[in-house]
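Comments concern the structure below.
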Amino acid sequence: MKNKTLLFNKIAVITSVFLCSFIVTAQQAKAGIKPNIIIFYADDLGWQDTQLNNLDTPSPWETPNITKLAQEGMNFTNAYSPAPTCAPSRCAMLTGLHPTKTGVTHVSGGALPSSERGSAYMAPFYPNGLTPEHFTMAEALKTNGYKTGHVGKWHMGDFEEVDSKHQGFDFAFESRGAHQGPKGKEDRVNSFATNDPKDPYHLSTEKYAPFTKSSPKGISYPYDSVTEKALEFLDKNKKEPFFLYLAHWLVHAPIHTKNKELLQYYSDKLGVPFPTSDIPVSTPGQTNPYYGSMVTTLDWSLGRIVDYLKKTDDPRNPGKKLFETTYIIFSSDNGGCEKTGQEIITDNFPLDEGKKYAQEGGIRVPAVITGPGVPKGSNFDGLFNQLDLFPTFLGLTQTKIDAKYSSNLDGLDITGVLLNNEKNIIDKSGKPREDLWWHFPNNTDKQMQSAIRSGDYKLYKNLTKGTYELYRLYKDGKRADLEEMHDIAKQEVAVTEALATKLEKYLKDNNAQYPYLNPAEKKVDYKGKEKAVDVPKIISDVYDAKTQKAVVTLEKGKSKVIEGYALIQIADGNKRGKHATTYLKVPVQASADGLTFTLNVPERAKEFLFMLVDENRFLVKSKETKKI
């Protein structure tokens, strides 16, 4: 009888939780209440850089506000970014499209493909950022009456036609704020903020954590225009439903801080001398006091946003604070950057590698979601990707978009996990999610990989060799080879074959682009085997300025061209910014015999050239021609 009573009580509790969550969303829907949404997006913050997922040696970086946020909502322990670098993750998250669909697979796109030093391979061409044809979550929410704001880093296109205000944002502020590095004669040890009101980074009169013996009431923080502009946007738009994309420049390089007191705090905590000269920090592990200061400053900024929401009444919901009606998503664009130049920044251990790698250290990220109906202090251990945010926002806000956009989204709606206590994220066929996948055909030969995480396993495809590696991160949900030290592809043949089949299908279905081979290295083919290759040879290259047609002709008897396109230069490389687009990809027409390719030169082109890829992945370029 006692057991039956306990059983009924458990059922009652579970039913009550489900009904309460259902009632929250049902009442909001009935009342037409639209929740606010904030994405607080860090730059290069690693999975082990906060106090959320401390494994082995705890992180020395103090993040009390991130920890408090997790206590207010749900922590995702297996959260992933769409890519191991900045631009592709941002483009993917904002559009809900996998990087293979946006075409943006790395940063600083729009340049001519070239080989890394000592490599026979080169990354395929990829654009600098989004195009006007892309449909963003900001555009979607605007159709439902939302005020939209972007503060901080954009990095999704450098031309006016694809800047933030042309991608759905009513308000944009993209300064670096306090992250701005030293200039001129300044360096990391002589450019600290002061109490001078004329100092653009003047120290706050308010005090914040950490609290120390020397500063028991807390310390001051430099003025940060990124944080202040975000607060300004919230205050001006609180009478309407709002969407704020707060993309911090922290904790990306340059590694520095304007907060002298905070730097002193971390120097003392780490047991290292306070820096007196600007030299690289070269001690291993998490021992960089500059970086610790940056992480805690990021946490401080989050705390400022949350404090505002908790103190401010929601004009649309009498009796409630904005925090009670706002979903906050905290995460990072990729894993931690462990090193830059000679400077050791942080350590992602036990995760392998870091930024620019498809290994766990490059794509596994901290992630927390809070908001109406989200159970406090909860954890979700299933696979979650930032691609899931777009469809989830549509569900939480009951926003409807054209089927041509919604049907193309690659993420899944996780509303059931957030509000209904569901244990699995459900895919479009009604089945629990099984896997996530990545494609990074960039950088060095070693880094050119595709990957798939499926349950306890993770499989890699080495794109330059065509080989596979298999690692078992967990065993029945418990930690196994999280460090990815033991390749078991030869021992677990059935698992390797099954995951390879899945991954290859994803790559094919999404038209994934693979690395090119440099024709100067003719003895190495795509699979790494020795092979004499007769690459295509251009024998004629003609441009008619009157008709604005360009034609290249190939010699017969060479290897077959399987892909042809042109790159047009639309910006002067000498005048563009560091990440500005120079080239755009445009189609060409191929003759039936595959030996002649024709380009109708676009009006906006300044220069152009043909790009021809043969069946062995060798890339042949025509000469660059100036448009007349």
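Summary of computed values
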| read-out | value |
| --- | --- |
| Answer label for volume of the Cα convex hull per residue in Å³ (calculated), chosen among (1) 167; (2) 155; (3) 198 | (3) |
| Dipole in debye (nearest 20) - region 538-626, about Cα centre, beta carbon charges: Lys, Arg +1; Asp, Glu -1 | 360 |
| Interchain or long-range residues, amide H under 5 Å from Ser332's placed H | Ala42 |
| Region 39-63 and region 612-628: distance between their alpha carbon centers, rounded to Å | 45 |
| Span-like helix ranges in the chain, DSSP H, alpha carbon extent 27 angstrom or more, Kyte mean at least -1.0 | 2-31, 289-311 |
| Heavy atoms of His486 accessible to a 1.4 Å probe, total area in Å² rounded to 10 | 120 |
| Part-to-part distance (alpha-carbon centres) for region 284-353 and region 367-444, which is given in Å | 21 |
| For Ala172, residues with placed amide H under 5 Å, excluding near neighbours | His150 |
| At most 12 other Cβ within 10 Å, DSSP loop - trypsin sites (Lys or Arg not before Pro), region 308-404 | Lys376, Lys400 |
| Qualifying trypsin sites (Lys or Arg not before Pro) in region 187-258, DSSP loop, other Cβ atoms within 10 Å at most 14 | Lys198, Lys207, Lys213, Lys217, Lys239 |
| Per residue value of the accessible surface for the chain (all protein chains in place, 1.4 Å probe), Å² | 44 |
| Amide H partners (placed H, <5 Å) of Tyr80, local residues excluded | Val365, Phe384, Asn385, Gln386 |
| Dipole of the chain, positive direction: furthest Cα of Gln569, Pro99, Leu396, with charges on the beta-carbon | Leu396 |
| Rounded to whole Hz, the Karplus (6.51, -1.76, 1.60) HN-Hα couplings of region 273-287, x for glycine and proline | x, 5, x, 10, 9, 8, 10, x, 7, 10, 7, x, x, 9, 10 |
| Solvent-accessible ranking of Lys153, Lys428, largest area first, probe 1.4 Å | Lys428, Lys153 |
| Using θ = phi - 60° and Karplus 6.51 cos²θ - 1.76 cosθ + 1.60, couplings along region 184-192 (whole Hz; Gly, Pro as x) | x, 7, 6, 9, 5, 10, 9, 10, 7 |
| Reachable lysines from Lys260, criterion Cα separation under 27 angstrom, eight or more residues apart if same chain | Lys68, Lys153, Lys183, Lys185, Lys198, Lys207, Lys213, Lys217, Lys229, Lys269, Lys339 |
| Given charges at beta-carbon only (K, R positive; D, E negative), |dipole| of the chain in Debye | 820 |
| CD proxy at 222 nm, helix term only [per DSSP H run n ≥ 4: -39500 (n - 2.57); per residue of the chain; nearest 500] | -7000 deg cm²/dmol |
| Percent carbon-and-sulfur accessible area, the chain, ignoring ligands, DNA and RNA, probe 1.4 Å | 53 |
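The values are calculated or read from the model by the stated rules, or taken from the named source; none is laboratory data. Computed from a prediction, not measured in an experiment: that's the story for all the values here. No Cβ is skipped: glycine too gets one built from the backbone with ideal geometry, and neighbour counts run over all protein chains shown. The accessibility values were calculated without ligands, DNA or RNA, using every heavy atom of the protein model including side chains. Shrake-Rupley method; radii C 1.70, N 1.55, O 1.52, S 1.80 Å.
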